[in-house]
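Enquirer: Could you have a look at this structure, given as structure tokens, before my questions?
Laboratory data are not the source of any read-out in this text; all were calculated from the coordinates shown. All values derive from a computational prediction rather than experimental measurement. Here the Cβ positions follow ideal geometry from the backbone for every residue, glycine too, while neighbour counts run over all protein chains shown.
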Amino acid sequence: MNKQLVHIKGTKAGLVLRLDDQCAYAELVEELERKVLEGGIDGKVDVQLHLGNRYLQSAQQDELISIVQGPGNMHVSKVHSDVITIEESNEKVLSEQSETYIGIVRSGQIVKTVGDIVVIGDVNPNGRIEAGGSIYVLGNLRGIAHAGVNGNKEAIVVASHFEPTHVLIDDQIEVMSNEQTIVKENAEQLFAYLNRDGIISYERVQEVRKIRPLLSTIKGGS
Amino acid sequence: MGVAIVITSGKGGVGKTTTTANLGTALALQGKKVCLVDTDIGLRNLDLVLGLDNRIIYDLVDVVEGRCKIHQALVKDKRVDEKLFLLPAAQTTDKNAVNPEQMKSLVEELKREYDYVLIDCPAGIEQGYKNAVAGADRAIVVTTPEISAVRDADRIIGLLEQEEMEPPKLIINRIRKDLMNNGDALDINEITTHLSIDLLGIVVDSEDVISSSNKGEPIVMDPNSKASLGYRNIARRILGESVPLMSIEDSSKGMFKKLISIFSK
């Protein structure tokens, strides 16, 4: 064996292990185990694994991580691969897509999306919207809105008329019967978000740009 | 070829059966051939409201199961000559005795002979509702100015919008002007914007409706009642006329009181 399968590179943030993507997986595991045991590292160090064009199943990924973390002084912060499966790619596209629903979400109806949703119409009491991303209602929101269903804490709920019975973001739930003063005083053009303490809060839509600037997909505006 | 209209509401007790009986009679009085179908199997009432209960021989389930011909089961209303017929529901079985396909072909058959087939839907969204909606071309949703009735109407409109038929139309029944004026009941505008479907008409609450139902004579037979006017206006709108929405203000004030109210302004 003359070719090195594991390259170790030091950076400011820690070590980068660049793993060869042409050799067999078993060979890679063998060499990685050897390299890790060579040691020579003092104190704790942060490690990133770069896989190149190799696709790893999650069990394999766990195996590599446990090998590296085995001696105890290395911690894997990130596993980076240049390839993903078609399935993962599709999921990613869907979760970043915005869908449009035109009509009225009536009592008993549930509208679900993987990514964001724009509702042009009303959400009536007992109507429910569930989105992986954010919810934007151009109309009256009087039902139930659940944004960030799969754990997206950055998701927000926006409505021209904001009068929902329940607002949910990620796993937080707010029953609007104990209404917040801002909602009580003026239900027009509000949005809900999770604040730093993980509690649902409300603001005027104009404040989105300060609270969630990263939701913007277009920069500039000249 | 006629039109089949289902009259539904979701919630019980808002006046589906009364509305069916009165619209049917009003359309027949306008010279149309009308057949009313009661799909509330097991809890039939439409025959009572029309005063035809003692003339029933066969019923809807008999027709569907082939025990009689369709015309043998139809009960003729003699007050409106040769124009108004009723296909009564069975009283001995339940909603599962009929399935949507059977209802569809039954209504198709009736549509060939009648201008209007009005289907009285049972309360709820289960089998009975599915049967009633199966053969219909159009739907009328009845509600009252109560939050519970409006909520159920919203649900039923959501279900109707998924069927292959025209968008449903709304009737607001049992309007009480005193409650609406002082804000104790939902007002007409509030209900129509909330449900956002076309308003077909309004019917004011009146004690005459109850007494006439008990007598088995639809209120539209009485030309002096305000509720009767509401139903007749709705029937004319179904026929395609444009009739302005009647005011809910009390017009039964005497001449003298009207004069006083003019001078007291």
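Enquirer: Taking a cut-off of 14 Å between Cα atoms, list the aspartates and glutamates near residue B:83, but don't count ones fewer than 8 places away on the same chain.
Expert: Within reach: B:113, B:115.
Enquirer: Contact order normalised by length for the range A:1-95, with contacts defined as Cα pairs under 8 Å and 6 or more residues apart; what percent is it?
Expert: It rounds to 27 percent for the range A:1-95.
Enquirer: Of the options A:173, A:159, A:29, report the single residue whose Cα projects farthest towards the positive end of the charge dipole of chain A (beta-carbon charges: Lys, Arg +1; Asp, Glu -1).
Expert: Of the options given, the answer is A:159.
Enquirer: Over the Cα atoms of the range A:1-75, what radius of gyration and what Dmax do you get, in Å?
Expert: 11.9, 32
Enquirer: Here's a follow-up. Among A:18, B:232, which comes first, then next, by fewest other beta-carbon atoms within 10 Å?
Expert: Working: A:18 17, B:232 22.
Taking fewest neighbouring Cβ atoms as first place, the list is A:18, B:232.
Enquirer: What do you get for Rg/Rh over the range B:25-71 if you use C-alpha atoms and the Kirkwood form of Rh?
Expert: Rounded to two decimals, Rg/Rh equals 1.00.
Enquirer: How large is the Kirkwood hydrodynamic radius of the range A:90-215, counting all unique pairs of alpha carbons, in Å?
Expert: With all distinct Cα pairs of the range A:90-215 included, I get 14.1 Å.
Enquirer: Taking the inverse of the average 1/r across all pairs of different Cα atoms in the range A:65-160, what Kirkwood radius in Å do you get?
Expert: The answer is 15.3 Å.
Enquirer: Out of residues 5 or more away from residue A:112 or on other chains, whose amide H comes under 5 Å of its own, with H placed 1.01 Å from N in the peptide plane?
Expert: A:130
Enquirer: I'd like to know how the range B:84-183 sits against the 2.2 N^0.38 Å rule of thumb: what's its Cα Rg over that expected value?
Expert: My calculation over the Cα atoms of the range B:84-183 gives 1.23.
Enquirer: If you don't mind, another one. Provide the three semi-axes, in whole Å and in decreasing order, of the ellipsoid equivalent to the protein assembly as shown as defined by the square roots of 5 times the Cα gyration tensor eigenvalues.
Expert: 66, 30, 16
Enquirer: Rounded to two decimals, what is Rg over Rh for chain A when you use alpha-carbon atoms and the Kirkwood radius?
Expert: Numbers: Rg = 23.8 Å, Rh = 20.7 Å.
So for chain A, dividing Rg by the Kirkwood Rh gives 1.15.
Enquirer: Right, another one. What percent do you get for the relative contact order of the range A:90-215 when only Cα pairs under 8 Å and 6+ apart count?
Expert: Values: 334 pairs, mean separation 19.5, N = 126.
After rounding, I find 15 percent.
Enquirer: Out of residues 5 or more away from residue B:169 or on other chains, whose amide H comes under 5 Å of its own, with H placed 1.01 Å from N in the peptide plane?
Expert: It is B:139, B:140, B:141, by chain and number.
Enquirer: Around residue B:174, which amide H atoms from residues at least 5 apart in sequence, or from another chain, sit under 5 Å from its own amide H, with H modelled in the peptide plane?
Expert: Those qualifying (amide H under 5 Å, at least 5 residues apart or on another chain) are B:203, B:205.
Enquirer: Another question, if that's okay. Please compare each pair in B:32/B:95; B:76/B:215; A:3/A:35; B:16/B:169; A:153/A:184 to a cut-off of 22 Å on the Cα-Cα distance and tell me which ones are over it.
Expert: Checking Cα-Cα distances, B:32/B:95; A:153/A:184 exceed 22 Å.
Enquirer: Just want the ordering: B:19, B:25, from fewest to most Cβ atoms lying within 10 Å of their own Cβ.
Expert: B:19, B:25
Enquirer: Per residue, how big is the convex hull of the range B:1-141 when only Cα atoms are used? Give it in Å³. List each step's numbers first, then the result.
Expert: Values: hull volume 13.0 nm³, N = 141.
Taking the convex hull of the Cα positions in the range B:1-141, it is 92 Å³ per residue.
Enquirer: Take the Cα radius of gyration of the range B:124-197 and divide it by 2.2 N^0.38 Å, with N its residue count; two decimals is plenty.
Expert: 1.18
Enquirer: Still on this structure, please answer the following. Just for the Cα atoms in chain B, what are the lengths along the principal axes, largest first, rounded to whole Å?
Expert: 68, 38, 32
Enquirer: Report relative contact order for chain A in percent, whole number only (criteria: Cα-Cα under 8 Å, sequence separation at least 6).
Expert: About 10 percent, as a whole number.
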